[in-house]
Amino acid sequence: MKKVFFFILLASSIAVAQVKPSDDNTKNDIRYNLNESGSHYVKFTFTNQAWFRFNESNPGTTVLGDPKSNTFDIGLRRTRIQIFGQITDRIFFYTQYGMNNFNKVSAFPGYNTSGAPSNRKIAAFFHDALGEYEVQRQGTNFIRFGGGLTVVNGLSRFSQPSIGTIMTMDVPVFAQATVDQTDQFSRKLSVYSRGQIGKLNYRVDVADPFPIETNGAAPPVLGVNSVFAQRKHHKQFQGLLIYNIFDTEDNTTPGYMTGTYLGKRKVLNIEAGIISQKNASWRKEGIDTLYSNMTLWSVAGFMDMPLNKEKGTAVSAYLGYFDTNYGKGYLRYNGIMNPATGTTQPISGAGGTQGNAYPMFGTGSVIYAQAGYKFQDGLLGSQGTLMPYASLQRSDYDRLKNPLNVYNLGVNWLMKSHHGKVSLNYENRSVYRSSTVSAELESYTRRGSWVLQYQISI
């Protein structure tokens, strides 16, 4: 009860830390113009997302060796700095530097660093570093080519999200399909093309995935279930096609797709995406080592538009189907900024099951949906407005006897659109254990978590 009381008190305290509202416009950008018109420029941005979380732990959870049925933790979900700019009419560059999932146990030996000496001061790294060249532009139509370390990829809009404009408090991370396995927090070394041709927006990408051995954790053991392979390295091919029924979307930065425009654009899209890699995973069958291709694809619809422009009301919704084939039996647990370090009730054939983790990635299929409603501007007077939302992830993975269901309900307090906002979110997730009658995992209970996020974005 003391932890719950402290959590409520903290929420009230942050609510007092109000951000003075003002109009969103480029005059408030931190930028240096390279020509008189401002078409050539260098821009600087900063985003920080602080989390204050109460979590009901998965059974058997320990934190630094102590059993914990629940935890309260404070962390930085994301802290990012971007520097990018248009150097000439055709040359664009983009860099992003920052860190993710930084809490008191983020550098604990055996948790993220697999027994290596820990150091809490090494969390930041380059997320993106790339250059683009525009070969053609006519009105809103353009074709660009680029290369470097980038989030540009296929599969879906949530595989390359603009984290500062998320409607739900966090993105559906399962859509960042290889995150921190064969990529660098969803980024890969790639050569790509992206563009807008009439109503069709496209991006195609050839990536050189990182070896699984370089992700900072012990490589998964080769067994009867597929894991990422340590041999026969191949390139990864990706593509995403988006048909814009109404307005086109913002295409300034490469890859990053807006979560919600808060009614400032009328967007209705249909999209289809794919990621493919030969011999991406391997497994044992008897004495033989078998390789499997990874093929991930999705189809989805996205809507984000004003309802009443004078009042500022708006609606946002997304519905997507994902077919995820990593190889036979692939399943990976993940807990966002996991507050725990171990478990006394391990699950056979699965690692990292403590804390807030659940089987986030797997061979099978996923249905994901989210919807939100933005109330009128000035609903709270000079303190902004509210945007409640809900989301559902239903994953039917081959190794799960019962489908995974993850529910989220929350509300955004938009003090200054996305630049200053507080989000309160409740998540409820399935909890699994080894089955006594089959090799599948069976769900037997549920756990939840409350998270308060304070976001500042410049």
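Readers should treat all values here as calculations from the given coordinates under stated rules, not as data from a laboratory. Values in this document were obtained by computation on a predicted structure and should not be read as measured data. In this analysis, Cβ positions are derived from the backbone assuming ideal geometry, glycine residues included, and neighbour counts consider all displayed protein chains.
Viscosity 1.002 mPa s, temperature 20 °C: give me the Stokes-Einstein translational D for segment 233-368 in µm²/s, with Rh taken as the Kirkwood radius over C-alpha pairs. Using the Kirkwood radius from Cα pairs, D works out to 118 µm²/s. Taking other C-beta atoms within 10 Å as the exposure proxy, D250, D377 rank D250, D377 from fewest upward. Over all orientations, the chain has a Cα convex hull whose mean projected area works out to 22.0 square nanometres. Strictly greater than 14 Å: what percent of every Cα pair in segment 53-93 meets that? Percentage above 14 Å: 66.
Out of segment 255-349, which trypsin sites (Lys or Arg not before Pro) are coil in DSSP terms and have no more than 13 other C-beta atoms within 10 Å?
On the way: sites: K264, R265, K266, K278, R283, K284, K309, K311, K328, R332; in loops: K264, R265, K266, K309, K311, K328.
The qualifying sites are K309.
Three principal axis extents of segment 306-364 based on alpha-carbon atoms, in descending order, are 56, 30, 12 Å. Checking the cross-link pairs K199/K278; K199/K311; K264/K421; K199/K416; K43/K199 against a 24 Å limit on the alpha carbon distance flags K199/K278; K199/K311; K199/K416; K43/K199 as lying beyond it.
Pop out the Kirkwood hydrodynamic radius of segment 379-452 from its pairwise C-alpha distances, inverse of mean 1/r, in Å to one decimal. Spell out each step's value before the answer.
Numbers: mean 1/r = 0.0688 Å⁻¹.
After inverting the mean inverse Cα-Cα distance, the result is 14.5 Å.
This ranking places T61, T258 by how few other beta-carbon atoms lie within 10 Å of each, fewest first, which gives T258, T61. Per-residue ellipticity at 222 nm computed for the chain from its helices equals -1000 deg cm²/dmol, with DSSP H segments shorter than 4 residues left out and the rest contributing -39,500 (n - 2.57). Each Cα pair under 8 Å and six or more residues apart adds its sequence gap; the mean of these over the residue count of segment 156-296 is a relative contact order of 25 percent.
In segment 2-457, Cα pairs under 8 Å separated by at least six residues give a relative contact order of 15 percent.
Residues V171, V315, arranged from fewest to most other Cβ atoms within 10 angstrom of their Cβ, appear as V315, V171.
Calculate the length of the line joining the C-alpha centroid of segment 423-445 to that of segment 186-219, in whole Å. Spelled out, the Cα-based centre of one part sits 31 Å from the other. Peptides 420-427, 79-86 ranked from most to least packed give 420-427, 79-86, packing being the mean of other C-beta atoms within 10 angstrom over each peptide's residues. Calculated translational diffusion coefficient of segment 332-396 (4 °C, 1.567 mPa s; Stokes-Einstein with Kirkwood radius over alpha-carbon pairs) equals 86 µm²/s. Straight-distance candidates among the lysines for linking to K104, with alpha-carbon spacing under 19 Å and chain neighbours fewer than 8 residues away dropped: K3, K68, K121. Listed by chain and number, the lysines whose alpha-carbon sits under 19 Å from that of K284, ignoring those within fewer than 8 places in the same chain, are K232, K328. In segment 185-238, the alpha-carbon atoms span a convex hull of 109 Å³ per residue.
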